[in-house]
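The values are calculated or read from the model by the stated rules, or taken from the named source; none is laboratory data. Owing to the predicted nature of the structure, the values given are computational and were not obtained by experimental measurement. So basically every Cβ, Gly included, is an ideal-geometry build from the backbone, and we count neighbours across all protein chains shown. The area values use the complete protein model at the heavy-atom level, side chains included, leaving out ligands, DNA and RNA. Shrake-Rupley method; radii C 1.70, N 1.55, O 1.52, S 1.80 Å.
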Amino acid sequence: MFTRFRRKRINPVLRDLLQETHLSVNDFMYPLFAKSGQGIKVEVKSMPGVFQMSIDEIIKECDVLKTLGIKSIILFGIPDTKDSVGSDAMCDHGIIAQTIKEVKSAHPDMFVTTDLCFCEYTDHGHCGVLDPVLETVDNDITLDNLARQAVVHAKAGVDMIAPSGMMDGMIYALRKGLDEAGFSNLPIMSYSTKFSSAYYGPFRDVAESSPSFGDRRSYQMNPANRNEAIAESVADEKEGADILMVKPALAYMDIIRDVKNNTTLPLAVYNVSGEYSMLKMAAIAGVIDYDKVMMETLLGFKRAGADIIITYHAKEAAILLNKG
Ligand code: PBG
Ligand code: ZN
């Protein structure tokens, strides 16, 4: 025998020297859900360890995150009132604008990204303005509103926006709207390849954003399509996106690698709610070693090609990484 792979696996120091992929606290972006009120921190039944929080609680949570070395969050808003267009999302006093202002003033060193969409803000729960004839989202009217929403976030002091609605031309419309309003340095992380996925189920509980009729298959992608998945991300790069994304992550490892190989832009992956809850529930049932399965999963995203991992596991993983 000439080749012995095990020669390099016997000594643990050599094993570490030869490790190809590394996970770091710098890779994580942590999702937080903002609600109006004071002292509110309500755990989501389907996502143990994930909470809807009032802004004061989010500010306290940022202290905890910084202690762990987590410097990046992505914010979702849960408004008091919803309407047909999602007005709260386009208002300078809306929940998300308020949250950005207060979080950035308490934590100027926290990197704050916002999810840019309308499904949490519309009474019908779809990701934009409805076309009454098609009974689905009107793409081009929604683009105008997305640009308005982006400028509201920018004025409130956000560090990056992340449009998640899968509208055609959204990156071009946002870049144009932001540049015209004087925000040419605000980066856009596009949810560029986002599938219509049942893995978002628990998120829709926490964000109160389930569609009241139908589903999102006329704007989010068919999970079966690999060529289209690449084309969607490449199109957003051409429109001026700064960072691309594949979402969900776990069932789409092949797509993560495909997109990575077809772009020179940095790539984010969204380790979504259902993926998080599956591990949590398996841990509660006592059938897996949660810490090990979690770290193996997160490392897998890096190996597949992720530069940024958006994950509800960020705090737990940071604690383990900090221990060394
Ligand atoms: C909003 C949005 C969703 C998620 C992130 N942004 C839900 C959806 O598209 O229905 C899912 C996140 C998760 O499941 O953790 N468009
Ligand atoms: Zn949406």
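Determine if segment 126-137 includes at least one residue that is out of contact with any helix residue (DSSP H, G or I) (no Cβ under 9 Å at 6 or more places or on another chain), under 25 Å from Arg204 (Cα atoms) and open to solvent by less than 10 Å² (accessible area, probe 1.4 Å). Within segment 126-137, one or more residues are out of contact with any helix residue (DSSP H, G or I) (no Cβ under 9 Å at 6 or more places or on another chain), under 25 Å from Arg204 (Cα atoms) and open to solvent by less than 10 Å² (accessible area, probe 1.4 Å). Quick check on segment 185-206: of everything there that is small (Gly, Ala, Ser) and in contact with a helix residue (DSSP H, G or I) (Cβ under 9 Å, 6 or more places away or on another chain), which residue is nearest to Pro223 (Cα to Cα)? Within segment 185-206, the match that is nearest to Pro223 (Cα to Cα) is Ser197. Contact map, segment 114-139: first residue among the small types (Gly, Ala, Ser), second residue within 15 Å of ligand 1 (Cβ to nearest atom) and part of a strand (DSSP E or B), Cβ cut-off under 6 Å, separation 6 or more or different chains; pairs are Gly128/Val137. Between Lys280, Lys292, Lys260, the distinction of being over 17 Å from the mean Cα position of the chain (by Cα), more than 25 Å from Thr67 (Cα to Cα) and either polar (S, T, N, Q) or at pLDDT 95 or above (or both) belongs to Lys260 only. Evaluate the following for Glu316: is it within 13 Å of ligand 1 (Cβ to nearest atom) and either in contact with a Phe, Trp or Tyr (Cβ under 7 Å, 6 or more places away or on another chain) or among the charged types (D, E, K, R) (or both)? Considered against the rule, which asks whether it is within 13 Å of ligand 1 (Cβ to nearest atom) and either in contact with a Phe, Trp or Tyr (Cβ under 7 Å, 6 or more places away or on another chain) or among the charged types (D, E, K, R) (or both), Glu316 comes out as no. Between Asp83, Asp123, the distinction of being out of contact with any Gly (no Cβ under 7 Å at 6 or more places or on another chain), within 16 Å of ligand 1 (Cβ to nearest atom), open to solvent by 10 Å² or more (accessible area, probe 1.4 Å) and under 26 Å from Ser196 (Cβ atoms) belongs to Asp123 only. Here Ile73 passes the criteria (1) assigned to a helix (DSSP H, G or I); (2) under 18 Å from the mean Cα position of the chain (by Cα) except the one numbered (1).
Considering the conditions (1) within 30 Å of Val42 (Cβ to Cβ); (2) under 17 Å from the mean Cα position of the chain (by Cα); (3) not acidic (Asp, Glu), Ser212 is excluded by exactly one of them, (2). Please give the helices (runs of 4 or more DSSP H) falling wholly within segment 128-210 in which 2 or more residues are over 19 Å from Gln98 (Cα atoms) and away from ligand 1 (no atom under 12 Å from the Cβ). Once the helices (runs of 4 or more DSSP H) in segment 128-210 are filtered for at least 2 residues that are over 19 Å from Gln98 (Cα atoms) and away from ligand 1 (no atom under 12 Å from the Cβ), what remains is 139-156, 170-180.
You will find that of Asp16, Asp92, the residue that is at pLDDT 95 or above, open to solvent by 50 Å² or more (accessible area, probe 1.4 Å) and in contact with a helix residue (DSSP H, G or I) (Cβ under 8 Å, 6 or more places away or on another chain) is Asp92 and no other. Checking each residue in segment 22-71 for being of a type in the set (Lys, Arg) and at pLDDT below 95 picks out only Lys45. Among residues of segment 1-30 that are assigned to a helix (DSSP H, G or I), those with a beta-carbon under 7 Å from a residue that is open to solvent by less than 100 Å² (accessible area, probe 1.4 Å) and among the charged types (D, E, K, R) at least six positions away or on a different chain give the pairs Asp27/Lys302. If you go through segment 194-216 and pick out every residue that is at pLDDT 90 or above, open to solvent by 40 Å² or more (accessible area, probe 1.4 Å) and away from ligand 2 (no atom under 14 Å from the Cβ), you end up with 3. Suppose we keep only residues that are over 16 Å from the mean Cα position of the chain (by Cα) and within 15 Å of ligand 2 (Cβ to nearest atom) within segment 85-122. Which one would you say is farthest from Val50 (Cα to Cα)? Going through the qualifying residues, I end up with Val85.
Checked against the criterion of being under 20 Å from the mean Cα position of the chain (by Cα), among the hydrophobic types (A, V, I, L, M, F, W, C) and open to solvent by 40 Å² or more (accessible area, probe 1.4 Å), segment 40-56 has at least one qualifying residue.
Every listed requirement among (1) more than 14 Å from ligand 1 (Cβ to nearest atom); (2) touching a strand residue (DSSP E or B) at 6+ places or on another chain (Cβ under 6 Å) is met by Lys238 save one, (2).
Checked against (1) free of Cβ contacts under 8 Å to residues at least 40 places away in the same chain; (2) more than 22 Å from Lys194 (Cβ to Cβ); (3) of a type in the set (A, V, I, L, M, F, W, C), Ile100 passes all but condition (1).
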